[in-house]
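*Asks:* Pasting a structure here, questions to come.
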Amino acid sequence: MNRYEDTIAAISTAASPAGIAVIRVSGPDALHAVDQIFVSPAGKKLTEQAANTIHYGWIRQPQKSAGEPAQKNEPEQTGEPVQKEELAQRDQFVQTDLVDEVLIMLMKAPHTFTREDVVEIDCHGGVFAARKVLDAVLQTGVRPAEPGEFTKRAFLNGRIDLSQAEAVMDIISAKNQYALQSSVRQLSGSLSGKIREIRQKLLHETAFIEAALDDPEHIDMGEHLSELDAIISEQKRQIEELVRSSDSGKMIRDGIKTVIVGKPNAGKSSLLNALTGEETAIVTDIAGTTRDVLEDQVSFGGIALRLLDTAGIRKSDDRIEQIGISRARSHAEDADLILYVVDSSEQLDENDYDIFQMIQGKKAIVLLNKSDLETAVTKKEISKYTECTILEISAKQREGFTQLENCIQSMFFSGEIRQNDEIYITNARHTRALQEAADSLTLVQESIRNGMPEDFFSIDLMEACDALGRIIGADVSEDLVNEIFSGFCLGK
């Protein structure tokens with residue numbers, strides 16, 4: 001038997017105290033296996049029940065060794081009322097062999113996640129109870145599932161393609177609203193549909209070229225070249241648009257690396273605490289409290305921000321403080337966004353002018369902090385030194401944050417992330433494959449314009465189709481499939 005044609009089981013919920021834990025069993029013998037350990041008050045046999053039904057009962061230790069045929073549950077009934085003698089037997093049984101009280105969800109192929117028979121056992125939560133139920137299942141001869149094997153079987157059985165399978169893990173690891181929405185859209189087939197549409201048009205052109213090579217007397221490629229060039233240009237444009245979306249896609253998934261800079265005591269740590277909603281950083285009236293980089297991740301207006309609070313930038317002879325300032329400058333250099341916090345109650349000085357130079361040409365927002373105090377510097381004055389957006393806020397009072405949220409959305413997502421029709425590439429593997437496809441189509445265009453033989457067209461067109469096929473799993477090696485699913489969690 002093929003390894004992916006046997007029956008598997010795993011705990012599909014997190015290994016932590018909870019009200020409910022779920023053990024998933026999938027494969028041709030799923031119903032028979034669970035029947036060996038399921039005790040129903042009505043004497044039900046799962047193999048005799050309709051699909052998409054829920055059944056109450058108990059899980060007991062298996063009565064026969066693994067691999068032996070399933071036996072009928074006790075007491076043997078076919079739906080008749082339970083007799084007093086049988087109740088007494090069950091009471092005795094409860095004291096000796098039962099593992100847990102459960103609900104059984106029964107689903108039958110092909111209308112399941114894996115397109116196999118699936119049984120899900122809802123037992124009481126907690127690591128020990130769930131483990132005992134799983135052990136009982138495994139003692140019937142069922143194999144422990146590999147990481148991601150349920151989703152892998154859904155892919156191998158044709159229920160989802162490879163990009164949709166990867167979206168499952170993205171949903172699990174989503175850290176913000178937009179990452180979740182993007183992953184759900186990918187799971188629903190938004191990316192798959194686009195890739196298939198482009199690939200199908202390229203395959204059609206490849207077939208036409210091959211036909212022309214086989215029958216040059218009846219098919220003239222010369223008359224088709226201008227049309228072919230136009231088709232290639234349009235498909236390449238769509239691919240390159242997807243590639244460009246990967247920058248936004250990466251930020252949607254991983255968060256915007258946001259570095260908070262400013263002079264000591266400007267309110268950087270107060271801003272970090274206000275954004276995280278926690279006392280992440282120490283806040284005092286003593287300048288230079290923060291000497292290392294503090295990092296946290298927050299969802300700000302649905303956008304994930306990877307916040308880094310850095311040491312105050314100023315001239316200092318303190319060796320430790322100098323190291324902290326050096327790290328602040330280094331993080332600011334490769335930041336996606338810089339939040340420059342200015343103390344509006346203090347006049348600008350040479351340290352501020354130094355920071356203005358540091359953020360020049362970068363995506364940055366100047367936050368004129370402490371707007372609740374008497375101001376010593378205004379937006380008009382700051383605008384003399386920078387073209388960055390300037391916002392008045394009070395980190396202490398949490399004022400001005402709505403404007404900050406809108407500003408970040410405008411800077412990175414043109415004001416909003418259009419989840420209705422926009423596809424964002426969030427997977428580095430997909431980006432590489434798309435770029436390879438675009439490069440191959442560029443070679444096709446060059447061959448057309450340089451008058452190269454038609455077989456050059458078909459070679460590069462097939463390279464583009466192969467690259468696109470790797471995204472959806474139409475042309476992918478077993479090693480790559482194994483590598484992708486090895487990163488999944490157990491039970492998924």
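*Asks:* Tally up the residues in region 10-38 that are touching a residue at least 12 places away in the same chain (Cβ under 8 Å) and not in a strand (DSSP E or B), please.
*Replies:* The number of residues fulfilling the criteria is 18.
*Asks:* Tell me the residue from S183, S192 that is farther than 26 Å from I11 by Cβ and assigned to a helix (DSSP H, G or I), please.
*Replies:* Only one candidate passes the filter, namely S192.
*Asks:* Of all the residues that make up region 1-49, how many are farther than 23 Å from H111 by Cβ, modelled with pLDDT of 90 or more and among the aliphatic types (A, V, I, L, M)?
*Replies:* 5
*Asks:* Counting just the residues of region 440-458 that are surrounded by fewer than 16 Cβ atoms within 10 Å (Cβ to Cβ) and either of a type outside the set (K, R) or not assigned by TED's automatic domain parsing to the domain that holds E227 (or both), which one comes out nearest to F150 (Cα to Cα)?
*Replies:* The extreme case among them is T442.
*Asks:* While we're looking at this one, here's another question. Within region 105-158, which residues are of a type in the set (K, R) and either in contact with a Cys (Cβ under 9 Å, 6 or more places away or on another chain) or not in a helix (DSSP H, G or I) (or both)?
*Replies:* Listed by number, the residues that qualify are K108, R115, K132, R143.
*Asks:* Now, a different point. Can you tell me how many residues in region 341-359 are exposed (fewer than 14 other Cβ atoms within 10 Å of the Cβ) and over 40 Å from the mean Cα position of the chain (by Cα)?
*Replies:* Within region 341-359, residues that are exposed (fewer than 14 other Cβ atoms within 10 Å of the Cβ) and over 40 Å from the mean Cα position of the chain (by Cα) number 4.
*Asks:* Looking at the structure I just gave you, is S233 closer than 17 Å to L337 by Cα and either of a type in the set (S, T, Y) or not in a helix (DSSP H, G or I) (or both)?
*Replies:* Spelling it out, it is not the case that S233 is closer than 17 Å to L337 by Cα and either of a type in the set (S, T, Y) or not in a helix (DSSP H, G or I) (or both).
*Asks:* Residues to consider are E374, E436; find the one that is surrounded by fewer than 16 Cβ atoms within 10 Å (Cβ to Cβ) and either out of contact with any strand residue (DSSP E or B) (no Cβ under 6 Å at 6 or more places or on another chain) or aromatic (F, W, Y) (or both).
*Replies:* Every option except E374 fails the conditions.
*Asks:* State all residues of region 468-492 that are more than 20 Å from the chain's Cα centre (by Cα) and farther than 17 Å from A207 by Cα; if no residue qualifies, say none.
*Replies:* A474, D475, V476, S477, E478, D479
*Asks:* Now, a different point. Enumerate the pairs (first residue in region 169-187 and farther than 19 Å from E149 by Cα; second residue anywhere and assigned to a helix (DSSP H, G or I) and β-branched (V, I, T)) with beta-carbon separation below 6 Å, excluding pairs fewer than 6 apart on the same chain, so at least 6 apart or on different chains.
*Replies:* Y178/I252; A179/I252; S182/I252; S183/I171
*Asks:* Pairs only if they're at least six apart or on different chains, beta carbon under 8 angstrom, first in region 376-392 and of a type in the set (K, R), second outside any loop (DSSP other than H, G, I, E, B) and surrounded by 14 or more Cβ atoms within 10 Å (Cβ to Cβ); list them, first residue then second.
*Replies:* As it stands, the answer is K379/L368; K379/I390; K379/E392, since those pairs meet every condition given.
*Asks:* So how many residues does region 324-340 have that are surrounded by fewer than 22 Cβ atoms within 10 Å (Cβ to Cβ) and of a type in the set (S, T, Y)?
*Replies:* 2
*Asks:* Is it the case, given these coordinates, that R131 is closer than 24 Å to P28 by Cβ and either at pLDDT 85 or above or buried (at least 21 other Cβ atoms within 10 Å of the Cβ) (or both)? Even if it seems obvious, please write down each step before you answer.
*Replies:* On the way: closer than 24 Å to P28 by Cβ: no; either at pLDDT 85 or above or buried (at least 21 other Cβ atoms within 10 Å of the Cβ) (or both): yes.
Answer is no for this residue.
*Asks:* Answer with yes or no whether A207 is surrounded by fewer than 20 Cβ atoms within 10 Å (Cβ to Cβ), at pLDDT 85 or above and hydrophobic (A, V, I, L, M, F, W, C).
*Replies:* The answer is yes for A207.
*Asks:* Moving on. Of the residues S345, S330, only one is without any contact (Cβ under 8 Å) to a residue 24 or more places away in the chain and small (G, A, S); which?
*Replies:* Among S345, S330, only S330 is without any contact (Cβ under 8 Å) to a residue 24 or more places away in the chain and small (G, A, S).
The values are calculated or read from the model by the stated rules, or taken from the named source; none is laboratory data. Owing to the predicted nature of the structure, the values given are computational and were not obtained by experimental measurement. Backbone-built Cβ (ideal geometry, glycine too); neighbour counts: all protein chains shown.
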